[in-house]
Every structure is written in C-alpha cells, then in structure tokens.
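Step one of this worksheet: look at the structure below.
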Amino acid sequence: MLRNQRLITVSLDQAQLGQRNRPLSVLLELSNLLSTCVELEQVWDISLGLVMEQFGVSAGRVYLMQPGGEQFRLAAHRGLDPSGLETVRASSSFTGKAARDRSFLAMHVQDLGDPRRVALLSSKGFKVVICLPLITRDRVLGVMNLAAREVIPLEMGTIDLAMVMGNLTATAAESVWQARLLNEQKEAVQFFAYTACHDMKSPAGGVHALVRRLARHLDQGLDQKGRAIMDQIERAAGHLEDLTQEVNHYIRAKEAPLEPVGLELGQVLAELAGELDERLQAAGVELVVPDRPVRLTADRLALSRALMNLLDNALKYGGPQLSRIEVGAEEQPEQVVIQVRDDGVGVPDELADKLFTLFKRAATSQGTEGTGLGLAIVKEIAQRHGGRAWLEPAAGRGAVFCFSLSRHIKP
C-alpha cells in the first residue's frame, strides 16, 4: 500500500496505533509506564495491572524467586486476598514449572496437582490459572500468576504478547534494581570520602602549624638548602590543609541543608571586603560593589562562600596587570544574576565549559597555589539555589564569572 509513495509520514499516536495494532499499542503503553518507575514495587504493580486488563482476568500475583531457587515469595497482588499464598515451593508447584521450563502455562484449576491450591482457588470461584515467567537476560526473576473466573480463549498471538510483556517487566525491574544498587554504592563511597576528608581536617591543620613552628625554631640553624627544603615542606603542608578545607566546603555546598533568608547583597559584600582588605591593598586592586540595594533570598553562608571563591579566584589568577574587580547584579523577574568581573589575564575560550568541574584549572593558573575546587563549589551553590554558574565572554581583557539565584526560593 505504501510502496509507491514518495514520502511516508506516520505520527506516533498511541490511540491511532491502538486502532491499527492493539498488541503493539499495549507494549508501548507498558514501556512508557515502566520508564517512570524508580521502585521495584511500582514495576510489579503497574505491570500486573496492565497484564490483568489485557487478559481480562480478575486476580493476579507476582512471585519473585528467592536465593537458592527453591521458593518464590509474593511481591505484589491484585483482586485476591493473598492469605495462604504468600510463598510457593519451586519443586512441586505450577509456578515452579513455569520458571523451570521458562514457559507460558495455562491450566484449569481442577487440573492443578496441589489439592490445597485447588480447594483454595475453587473456593474463590476461579476456573483458570495462568503462569507467565518474568525473564530478562536469560534469567528468571519470578513468575506472574493470573486467575480468571471464566475460561479465557488463548491464541498464539496473545501468548506471544504476554511473554513480551513479561520480558519488559523483568527488564524494567532489573534496571531499577541495578540503579538502586549503584546509588547505594555511590552513597557508601561518598560517605567514606566525606568522613575521611572531615577527619583529615584537624590533622592537616595541625601538621601545617607544627611545620611553621619547626621552621621558626630551626631558621638560624639551617643553611640555604635546608631553608629551601623547609619552605617546600611548609608549602606542601599548607596545600594539604587548604585542600581538606576546600573539600569540606564542597561537601557543605553539595549536602548541607540550606537556610534561605532575605539578604542585601551590599551587606554581604561589605563583610567580604573587610576580610580581603589586606590582600586587595597589597595587590593594588580596587573592589567595586553595586551602588544600589540588591535584595535576594539565599543561604547566607553559601552565598558568602560563592562570592568569596570568585573574588579569591580573581585575586589569585588575575596576574600582575589585575587592578580592578567589579561585582554587579542584574535583577530579573525569575532570578538574580551576579557577575564578578576583573581586568586580569582572562580565561581561554576553550575552557569556559570546563572550569566549573572538579579539580579543573586553567593554564594561566600554573605556578599559583590552588585546589581546583573553588569554581565547582560556586556551581553547586548556584544549582542548589535553582540557578547555574557560567563564564561570560569578556570585552577586552579579563574574565566575567556569573552565577544566578532563583527568586522562587522562600525563606
């Protein structure tokens, strides 16, 4: 029919697909529903409901194979009180046979080999039972059992559809389980890293302080080579202390609960200017702040950290020609954008998208001590405030670092 057409256009419309090909429409619906699942319980419940609807049955259960493969345990159920059906033996049950043979099974209740099951299901008015193995990657995860009070006409196409639905269900469950496992492993690694960095903070500070005291004590007794070695040790100890502090700042920026309050940007900058006053004067750098009030809502410590990191970044890496750092703010309906502009050496364009990643430093920063975490911390703080961080092209020399804060954050 379509062979001689020059252009074939068919939109993905599930209603129209259902009219043309009902089985494919069912699979599409199941696939879409399973894609939203983040918990295994959701997978079983959604799949069981759709399979029951497709077969027109009134009850269903999902059994999962237990470690060792000798027993199945109930994971989900609909339309039937599961009392007495919580577990199933794999060796002698209809469910176990479907798993062992990896086959779709259907049988009249009266023909089941387990008299207790026959009596239980018959007492509830069921005439037919169906077992659908849940298989993915050549592995049986469990079995979906269906029970009907009327005889169901089964055709090969219907059985094939059921088997594919079982596969989709098992594959989705496997994906959710793997995602949960990866998340647990990630959390374990994060906990170890955070704990280790936190526990290193005090020893690192202690080592740096002791090295400074040792250097002062031995200063007169060291020759030039000895002083050079002591200087190297002191710098290394200082870098270790800085790194542990920055890692802990990063952890706080990423994990600590936010406490948003109403703030005036100028007041926050005034406090930071006081802390940086000696460095600014020593470097001959002018700090310019907004000449009008800028009101915003943010976590005070987090905002101060983001601003301090950008100001510190400009002072450290601006180079000898740095003479001016200007902080500006643009108030927009949905967000406040804060810019920190300097007239230093600037940043190569090819690094604009990489500077906010962990431990990334520009070539212009070589020879200057730093941890490579400062801008990553700014990015985390901005994201947790519903914004983002980026580098804007600078007109002339220098760099313009920006971050935004959402106006929808409530104190």
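Overview of results
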quantity: Selection count, the stretch 88-126, where residues are hydroxyl-bearing (Ser, Thr, Tyr), surrounded by fewer than 18 Cβ atoms within 10 Å (Cβ to Cβ), modelled with pLDDT of 85 or more and more than 19 Å from residue 150 (Cβ to Cβ); calculated: 1
quantity: Helices (runs of 4 or more DSSP H) fully within the stretch 26-127 counting 2 or more residues that are assigned by TED's automatic domain parsing to the domain that holds residue 150 and in contact with a strand residue (DSSP E or B) (Cβ under 8 Å, 6 or more places away or on another chain); calculated: 40-55, 94-101
quantity: Residue 166 vs. criteria in the same structural domain as residue 107 (by TED's automatic domain parsing) and either in contact with a strand residue (DSSP E or B) (Cβ under 6 Å, 6 or more places away or on another chain) or modelled with pLDDT under 75 (or both); calculated: yes
quantity: Within the stretch 130-146, tally of residues that are surrounded by fewer than 22 Cβ atoms within 10 Å (Cβ to Cβ) and farther than 14 Å from residue 175 by Cα; calculated: 2
quantity: Restricting the stretch 58-76 to residues that are surrounded by fewer than 19 Cβ atoms within 10 Å (Cβ to Cβ) and not hydrophobic (A, V, I, L, M, F, W, C), the residue that is nearest to residue 129 (Cα to Cα); calculated: 58
quantity: Candidates 25, 47, 35 - the one that is exposed (fewer than 10 other Cβ atoms within 10 Å of the Cβ) and modelled with pLDDT of 80 or more; calculated: 35
quantity: Yes/no for residue 10 being at pLDDT 80 or above and either assigned by TED's automatic domain parsing to the domain that holds residue 163 or farther than 30 Å from residue 105 by Cβ (or both); calculated: no
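This table checks each residue for (1) over 29 Å from residue 126 (Cα atoms); (2) in contact with a Ser or Thr (Cβ under 8 Å, 6 or more places away or on another chain); (3) in contact (Cβ under 8 Å) with a residue 24 or more places away in the chain.
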residue: 12; (1), (2), (3): yes, no, no
residue: 18; (1), (2), (3): yes, yes, no
residue: 21; (1), (2), (3): yes, no, no
residue: 36; (1), (2), (3): yes, no, no
residue: 41; (1), (2), (3): no, no, yes
residue: 44; (1), (2), (3): no, yes, yes
residue: 57; (1), (2), (3): no, no, yes
residue: 64; (1), (2), (3): no, no, yes
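The values are calculated or read from the model by the stated rules, or taken from the named source; none is laboratory data. Keep in mind the model is a prediction, meaning the values are calculated, not measured. For neighbour counting, all protein chains shown are included, and Cβ atoms are generated from backbone atoms with ideal geometry for every residue, glycine included.
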